[in-house]
Amino acid sequence: MTPDVSSTDMFLSISAMAARLGVSQRALRHYEAVGLIQSYRLYKSARSYDPETVDRLTVIALLRKADVPI
């Protein structure tokens, strides 16, 4: 499903998302490659994450910190 991009201020860039979660950008790209998350290309083809994906990544980060394999 394509997100509503009329309000792009709700999207986070890959660098902002990595900093927020304390993970590398490479980890985020890996999660995308294996199908755990989806990114959108909004700004000059840079990855951006919608609020739903931000929530999903927050759960993934918590699981990783608890040493739960994903």
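The values are calculated or read from the model by the stated rules, or taken from the named source; none is laboratory data. Bear in mind that the values here come from a model prediction, so they are computed numbers and not experimental data. Here Cβ is always computed from backbone atoms with ideal geometry, including for glycine, and neighbour counts include all displayed protein chains. The accessibility values were calculated without ligands, DNA or RNA, using every heavy atom of the protein model including side chains. Shrake-Rupley method; radii C 1.70, N 1.55, O 1.52, S 1.80 Å.
For the range 13-59, a residue qualifies if it is hydroxyl-bearing (S, T, Y) and within 9 Å of the chain's Cα centre (by Cα), and the qualifying residues are S13, Y31, S39, S48, Y49, T53, T58.
Taking the range 15-70 as the range and being among the polar types (S, T, N, Q) and assigned to a loop (DSSP other than H, G, I, E, B) as the test, the residues that pass are S24, Q38, S39, S45.
Give the range 37-59 a look and list any residue that's hydrophobic (A, V, I, L, M, F, W, C) and either touching a Gly at 6+ places or on another chain (Cβ under 8 Å) or surrounded by 15 or more Cβ atoms within 10 Å (Cβ to Cβ) (or both), or say none.
Our first condition is that a residue be hydrophobic (A, V, I, L, M, F, W, C); within the range 37-59, this holds for 37, 42, 46, 54, 57, 59.
Correct list: I37, L42, V54, L57.
The single condition among (1) touching a strand residue (DSSP E or B) at 6+ places or on another chain (Cβ under 8 Å); (2) modelled with pLDDT of 90 or more that S15 does not meet is (1).
Look at (1) modelled with pLDDT of 90 or more; (2) more than 12 Å from the chain's Cα centre (by Cα); (3) open to solvent by less than 50 Å² (accessible area, probe 1.4 Å) and you find that L62 fails only one, number (3).
Just one of the numbered conditions (1) modelled with pLDDT under 90; (2) surrounded by 11 or more Cβ atoms within 10 Å (Cβ to Cβ) is not true of R29: (1).
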